[in-house]
Amino acid sequence: MSDFAVVVTGGCGFIGSNFIRLLLRDVPGTVVLNIDLLTYAGNPANLADLAGNDRLVFHRCDIADRESLERAL
Ligand SMILES: NC(=O)c1ccc[n+]([C@@H]2O[C@H](COP(=O)([O-])OP(=O)(O)OC[C@H]3O[C@@H](n4cnc5c(N)ncnc54)[C@H](O)[C@@H]3O)[C@@H](O)[C@H]2O)c1
């Protein structure tokens with residue numbers, strides 16, 4: 001069971017992927033929901049080292065699309 005969940009938007013970008021890595025490394029028990037549209041700037045390879053980590057969940061979604069965002073949450 002997790003202590004708390006963190007939603008990160010743009011987690012496949014430069015800042016987001018490093019933020020996710022920091023959270024999972026330094027905050028025990030945290031579960032991360034990464035919401036990213038995978039635009040030209042998004043690259044899943046930025047998180048390749050975390051593949052299979054059961055504390056990280058990815059959902060492809062446009063955060064400007066309210067219905068899609070609500071489904072993700
Ligand atoms: N190696 C480096 O030093 C390096 C590399 C990349 C970027 N940067 C710098 O980092 C800063 C930007 O980094 P960043 O991580 O904020 O931006 P980014 O552009 O790297 O990533 C943004 C992320 O948000 C996602 N995204 C965009 N629109 C979205 C939407 N509507 N819904 C959901 N997801 C969406 C993209 O797919 C992407 O994964 C800039 O200053 C840039 O110059 C540095």
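What ³J(HN,Hα) values, in whole Hz, does the Karplus curve 6.51 cos²θ - 1.76 cosθ + 1.60 give for the range 31-41 when θ = phi - 60°, with x put for Gly and Pro?
Result, rounded to whole Hz: 10, 10, 9, 9, 10, 8, 7, 6, 6, 4, 8.
Treat every Asp and Glu Cβ in the range 4-72 as -1 and every Lys and Arg Cβ as +1, leave all other atoms uncharged, and give the resulting dipole magnitude about the Cα centre to the nearest 20 debye.
Charge dipole of the range 4-72: 140 debye, to the nearest 20.
Taking amide hydrogens as modeled 1.01 Å from N in the peptide plane, which residues meet the under 5 Å criterion relative to LEU56, leaving out close sequence neighbours?
The list, which skips near neighbours in sequence, is VAL32.
What relative contact order, as a whole-number percentage, does the chain give when Cα pairs under 8 Å and 6 or more residues apart are counted?
32
With the cut-off at 1.5 for a/c, could you classify the chain from its C-alpha gyration tensor as rounded, prolate or oblate?
It is oblate, given that a/c is not under 1.5 and a/b is not larger than b/c.
Quick one: which residues, 5+ away or cross-chain, put their amide H under 5 Å from the amide H of GLY10? H built at 1.01 Å from N.
ILE35, ASP36, LEU37
None of the figures in this text is laboratory data; all of them are computed from the coordinates on show. What you see is a predicted model; the values in this text were computed from it and never measured. In this analysis, Cβ positions are derived from the backbone assuming ideal geometry, glycine residues included, and neighbour counts consider all displayed protein chains.
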